[in-house]
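*Asks:* Below are the C-alpha cells for one structure; questions will follow.
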Amino acid sequence: MTTIPITKIQILADKATGHPIFYAHSDDRDHKPEFMVEKVGLHVLLQSKQTLFKLKANPQTKSRVDIYMSIQNARELGRELVKVASSEAAPEWSASTANPGLAPKGVMKLPEIIWSKCGPFLKAGARVRTGLVLKKTNGYVYVELEYPDASHIKMKEYEVHTVFHLI
C-alpha cells in the first residue's frame, strides 16, 4: 500500500446533524493528513486514516469531504492510482459548471478556479469516532485547480481541491 501526503482533509456534515467541521492540516502540530492507495478485488481504494482533527463551528448545509493537496502530490496520487488500477484507459471527466463564486458564504474570499472537472465514484464515505457517518454510492467527485486570493493565510500557491459530495 502506498501513502501520499496531502495538505488538508476536511469533513463537513450538514449543520442540522449537530456535528462540527472536522479538519486536519499538515501545518498543524501532530497532524499528518495522507491517502493510502490500494487495490481491493476489482476496485481501487483511496482512504485516509487521519486520527487527529481540529474542530470548527459548522455553518454548512451540505455534507461533503474536501481534500486539498499540492500539484506535486496530486500528480503523485494520480500516478499511483493509474499504477494500482493497472490501466491508463480512464474515461475523460466532464468539465464542471459549478461556480462557488456566484453564491459565496462567509467573509473569506474564495480562490480563483483555474479549471474544474467532475467524474463518478462508486462509493465514498467518512466516519469520525464521535459517531458521524457520511456515505454515498454512485456519486460525483469534483476536482479543481485553484489559485489563492491575496487575503488567504494558509493557501499561498496553486492547489488541487477535491470534493466528494455525500448528500
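*Asks:* Let me know the shape class of segment 1-62, please: from the alpha-carbon gyration tensor, a ≥ b ≥ c as square roots of the eigenvalues, rounded when a/c is under 1.5, otherwise prolate if a/b is greater than b/c, or oblate.
*Replies:* Numbers: a/c = 3.41, a/b = 1.51, b/c = 2.26.
Oblate.
*Asks:* Just the number, please: Stokes-Einstein D of segment 2-165 in µm²/s, Kirkwood Rh from C-alpha pairs, 4 °C, 1.567 mPa s. The partial results should precede the final answer.
*Replies:* Working: Rh = 16.8 Å.
Estimated diffusion coefficient is 77 µm²/s.
*Asks:* Let me ask you something else. Sorted from fewest to most neighbouring beta carbons within 10 Å, what does the list 146, 34, 112 look like?
*Replies:* Fewest-to-most Cβ neighbours within 10 Å comes out as 112, 34, 146.
*Asks:* Could you work out the relative contact order of the chain, using alpha carbon pairs under 8 angstrom and six or more residues apart, expressed as a whole percent?
*Replies:* The value is 22 percent.
*Asks:* I've got another one for you. Straight-line reach from residue 154: which aspartates and glutamates fall under 14 Å, measuring Cα to Cα and dropping same-chain residues less than 8 apart?
*Replies:* Straight-line reach from residue 154, under 14 Å: 27, 28, 146.
*Asks:* When you count, for each residue, the other Cβ atoms within 10 Å and take the mean per peptide, how do 38-44, 60-66, 49-55 rank with the highest first?
*Replies:* On the way: 38-44: 10.9, 60-66: 17.7, 49-55: 13.7.
Descending packing order for the listed peptides: 60-66, 49-55, 38-44.
*Asks:* Right, another one. What number comes out for the charge environment of residue 98, summing +1 per Lys or Arg and -1 per Asp or Glu over other residues with Cβ under 13 Å away? Before the final figure, lay out each step's value.
*Replies:* Numbers: positive: 62, 64, 117; negative: 144, 146.
Net local charge, residue 98 excluded: +1.
*Asks:* Still on this structure, please answer the following. Can you tally the net charge around residue 45? Count Lys and Arg as +1, Asp and Glu as -1, for every other residue whose Cβ sits under 9 Å from the Cβ of residue 45.
*Replies:* Spelling it out: positives minus negatives among the neighbours equals 0.
*Asks:* Spin-label point model (7 Å from Cα, Cβ direction): what's the residue 1 to residue 61 distance in nm?
*Replies:* Distance between the two pseudo-spin positions: 3.8 nm.
*Asks:* Right, something else. Around residue 129, under 15 Å between beta carbons, what's the net of Lys plus Arg minus Asp minus Glu among the other residues? Each step should come with its number before you reach the end.
*Replies:* Working: positive: 49, 54, 127; negative: none.
Local charge sum for residue 129: +3.
*Asks:* Sticking with this structure for a sec: When a/c reaches 1.5 or more, the comparison of a/b and b/c decides; with that in mind, is segment 111-167 rounded, prolate or oblate per its Cα gyration tensor? Please list the in-between numbers first.
*Replies:* Details: a/c = 4.13, a/b = 1.60, b/c = 2.59.
Note, shape of segment 111-167 comes out oblate.
*Asks:* So what is the relative contact order for segment 3-60, in percent, with contacts set as C-alpha pairs under 8 Å and at least six apart?
*Replies:* 38
None of the figures in this text is laboratory data; all of them are computed from the coordinates on show. In this text, all values refer to a predicted model and were calculated from it rather than measured experimentally. Glycine gets a Cβ as well: all are built from the backbone with ideal geometry, and neighbour counts include every protein chain shown.
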